[in-house]
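A short worksheet on the structure shown next.
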Amino acid sequence: MSYRDSSYDRPLDNPINWSFRVGRLFGINIRVHIAFVICAVILVWMDIPDEDSRRSGWLVTVLIQSLGTYAILFAIVLVHEFGHCFGARYTGGEADEILMWPLGGLASVNPPHTARAHMITTVAGPLVNVAICAICSVALVLWMGRLGAVPWNPLHPFGSFDSMNLPTSGQWWLLRVYGLSYVLLLINLLPVFPFDGGRIVQAWLWPEKGFRRSMEIATGTGMVGAIAIGLFGLVSSTWLLMMIAVFGYLTCYQTRRMLKEQGDFAGDGFGEFSDGYRFRSDDDDEEKKPGFLARRKARREAKKAEQTRLRTEAHERAVEEVLRKVSASGIDTLTPRERRILEEETRRQRMG
């Protein structure tokens, strides 16, 4: 799927446009797809306990845990996508929209068409999850008083490695934040295009193999990986994995078709489980925007120049006032401050 700039019209004949805006942060529109809301309602409904459990008072507890878990997942995916957006901007690229949908998030970003820019843009997302897991790990160790409080086992990411003591309610929620971020990190780092891991491999191969060949290798590997994920989802009856596999396979297939038809990758990019990229054409490289640090330095220099200009203008006005007073009343009528202004101007004129 290709993404357009968020300012463009959104034809409703394309299902990807069936979304609504929920806010704007850091100049980035945040949209939620209708399917996301429908899936969330269905999943919460499936978590509602049976009638016997309701009589025992579990209904409210289960609903709170279910809604809280999906809210945490939404927030983690959202900040992950913001990581991609900030990564793209750091390289001098653009980022204007994040779409939340059932399979995660799609960040509409436009990094410069270089391996380094795409590597930074891609890695910035998983780094957010690493930071979340690190913060949660430190908090769990300090709170529970043992290293075994951190769920290092990827097969059991929501329970303490050391189950000597049951977690409190607050610790349970902290474990949930850690576990969701940990699972998303592991999934995104799979070296299968179009996951972040596959994009990292593609960006790593780019300088040696060239963009076209690196994309062919990454998408070919991605199709094989999607089949493997789909078979695992089928055996384990995990419909989410099967959906991810179908979407990933179609994304790789569509990308390979574009490579074959256009001979190179230009114009709009393709959405995937983690991000939606819009690649620049080679002509755009001649007009690349400066990077984040260069823009920050330019802003500081511009601010410093403006402050210098304002001080100069204030000094010149003060000198004019002093000279008018000397002309009207004589130099003996000047105050100590006015004398200092006149002396400073005299020194400046001599040095100039």
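The values are calculated or read from the model by the stated rules, or taken from the named source; none is laboratory data. Here the structure is a predicted model, which means the values were calculated and not measured. Note that we place each Cβ from the backbone using ideal geometry, even for glycine, and neighbour counts take in every protein chain shown.
Kindly indicate which of 247, 211, 195 is touching a residue at least 40 places away in the same chain (Cβ under 8 Å), within 26 Å of residue 152 (Cα to Cα) and out of contact with any strand residue (DSSP E or B) (no Cβ under 6 Å at 6 or more places or on another chain).
195
Would you pick out the residues in the range 220-247 that are of a type outside the set (A, V, I, L, M, F, W, C) and either assigned to a helix (DSSP H, G or I) or assigned by TED's automatic domain parsing to the domain that holds residue 199 (or both)? Spell out the reasoning first.
Let us first name the residues in the range 220-247 that are of a type outside the set (A, V, I, L, M, F, W, C), namely 220-222, 225, 230, 233, 236-238.
Within the range 220-247, 220, 221, 222, 225, 230, 233 meet the criteria.
Answer with yes or no whether residue 221 is surrounded by 15 or more Cβ atoms within 10 Å (Cβ to Cβ), of a type in the set (Val, Ile, Thr) and closer than 24 Å to residue 127 by Cβ. Spell out how you get there, then give the answer.
On the way: surrounded by 15 or more Cβ atoms within 10 Å (Cβ to Cβ): yes; of a type in the set (Val, Ile, Thr): yes; closer than 24 Å to residue 127 by Cβ: yes.
Here the answer is yes, as residue 221 does meet what is asked.
I'm checking my understanding of the structure. Among residues of the range 20-39 that are within 22 Å of the chain's Cα centre (by Cα) and either in a helix (DSSP H, G or I) or at pLDDT below 75 (or both), which one is surrounded by the fewest Cβ atoms within 10 Å (Cβ to Cβ)?
By that ranking, first place goes to 34.
For the range 70-109, which positions are outside any helix (DSSP H, G or I) and of a type in the set (Val, Ile, Thr)?
91, 98, 109
Report yes if residue 75 is under 18 Å from residue 187 (Cβ atoms) and in the same structural domain as residue 39 (by TED's automatic domain parsing), otherwise no. Show your work before the answer.
Working: under 18 Å from residue 187 (Cβ atoms): yes; in the same structural domain as residue 39 (by TED's automatic domain parsing): yes.
Considered against the rule, which asks whether it is under 18 Å from residue 187 (Cβ atoms) and in the same structural domain as residue 39 (by TED's automatic domain parsing), residue 75 comes out as yes.
What's the number of the condition residue 236 fails, among (1) modelled with pLDDT of 85 or more; (2) farther than 20 Å from residue 133 by Cβ?
Failed condition: (1).
So how many residues does the range 105-163 have that are within 30 Å of residue 21 (Cα to Cα) and among the small types (Gly, Ala, Ser)?
Selection size over the range 105-163: 7.
Is it the case, given these coordinates, that residue 112 is in the same structural domain as residue 94 (by TED's automatic domain parsing), assigned to a helix (DSSP H, G or I) and in contact (Cβ under 8 Å) with a residue 60 or more places away in the chain?
When the stated conditions are applied, residue 112 does not pass them.
Could you look through the range 80-132, keep only residues that are charged (D, E, K, R) and either touching a Ser or Thr at 6+ places or on another chain (Cβ under 8 Å) or at pLDDT 90 or above (or both), and pick out the one that is surrounded by the most Cβ atoms within 10 Å (Cβ to Cβ)?
Filtering first and then ranking leaves 81.
Residue check: is residue 155 in the same structural domain as residue 93 (by TED's automatic domain parsing), in a helix (DSSP H, G or I) and either surrounded by 13 or more Cβ atoms within 10 Å (Cβ to Cβ) or out of contact with any Leu (no Cβ under 7 Å at 6 or more places or on another chain) (or both)? Steps first, answer last, please.
On the way: in the same structural domain as residue 93 (by TED's automatic domain parsing): yes; in a helix (DSSP H, G or I): no; either surrounded by 13 or more Cβ atoms within 10 Å (Cβ to Cβ) or out of contact with any Leu (no Cβ under 7 Å at 6 or more places or on another chain) (or both): yes.
No, not satisfied.
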